[in-house]
1. Pick out, in residue order, every one of the GluC sites (Glu not before Pro) in the stretch 126-167 that is DSSP loop and has at most 13 other C-beta atoms within 10 Å; say none if there are none.
2. I'd like the trypsin sites (Lys or Arg not before Pro) in the stretch 81-167 restricted to DSSP loop residues with at most 15 other Cβ atoms within 10 Å, sorted by number.
3. If you take the Cα Rg of the stretch 92-162 and divide it by 2.2 N^0.38 Å, with N the number of residues, what do you get?
4. In the stretch 49-155, what chymotrypsin sites (Phe, Trp or Tyr not before Pro) fall in a loop by DSSP, with at most 15 other Cβ atoms inside 10 Å?
5. Modelling each spin label as a point 7 Å along the Cα-to-Cβ direction, I'd like the ASP80/SER39 distance in nm, to one decimal.
6. Against the empirical 2.2 N^0.38 Å scaling, what ratio does the C-alpha Rg of the stretch 15-167 come to?
7. What nm distance separates the two modelled labels at ARG87 and GLN73, each placed 7 Å from Cα along Cα→Cβ?
8. Can you pull the one-decimal nm distance between simple spin-label points at LYS163 and ASP118, each 7 Å off the Cα toward Cβ?
Amino acid sequence: MKKFLDNYGLSYTTLVMLVLIIILLAAVIALTVKVISLSRKYDKFMRGRDAETLEDAILDNFNNMKKLMKAFQQTKSNMDITLGSIRSTYQKMGLVKYDAFKEMGGNLSFALAMLDADNCGFILNSMHGRESCYTYVKEIINGESYTALGEEEKEALEKALSKTKGM
């Protein structure tokens, strides 16, 4: 090896420096490739935008999120009001058709029970005869009547009470 170095007029120090230069050149080439790759990604990300418009876009997104949250809160409030008022609507029904008078046919008389979510409401009983029709209303509170109920009215009330909420 010494003969080789002497032939070309090189020393061990020069050889070590030459190897270090080659290693550093390889490192510079690798880093240059990475910088070019990152530069392309950055250009793709920023294409058509400068830093100021990118900041505006981010601020617009935050403003839109605030507006959406406000709209969501308003919608939630409206839904709570609506759901609260739905409890008082008639949700459960029981209907029984019957013959009030034996000479009549076709089950023209009926008892209709209508209840809300708290099982409050009314029973409408309509008795149809040849010469007349009688209609009675009885109040229902918490699933019970404080007036005596006929057989058909009891059956209509039981049908309504057996319904689940929302049916």
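What follows draws every value from the coordinates through simple rules; no lab data is involved. Not measured: the values here are computed from a predicted model. Glycine gets a Cβ as well: all are built from the backbone with ideal geometry, and neighbour counts include every protein chain shown.
1. Values: sites: GLU131, GLU139, GLU144, GLU151, GLU152, GLU153, GLU155, GLU158; in loops: GLU131.
Listed in order of number, the matching sites are GLU131.
2. Numbers: sites: ARG87, LYS92, LYS97, LYS102, ARG130, LYS138, LYS154, LYS159, LYS163, LYS165; in loops: ARG87, LYS102, ARG130, LYS163, LYS165.
The qualifying sites are ARG87, LYS102, ARG130, LYS163, LYS165.
3. Working: Rg = 12.2 Å, N = 71, 2.2 N^0.38 = 11.1 Å.
Taking N as the residue count of the stretch 92-162, the ratio is 1.09.
4. Numbers: sites: PHE62, PHE72, TYR90, TYR98, PHE101, PHE110, PHE122, TYR134, TYR136, TYR146; in loops: TYR90, PHE101, TYR146.
When the chymotrypsin sites (Phe, Trp or Tyr not before Pro) of the stretch 49-155 are filtered for loop state and at most 15 Cβ neighbours within 10 Å, TYR90, PHE101, TYR146 remain.
5. A separation of 5.8 nm, rounded to one decimal place.
6. Numbers: Rg = 39.0 Å, N = 153, 2.2 N^0.38 = 14.9 Å.
With N residues counted in the stretch 15-167, Rg over 2.2 N^0.38 Å equals 2.62.
7. Reported label-point gap for ARG87 and GLN73 is 2.4 nm.
8. 1.8
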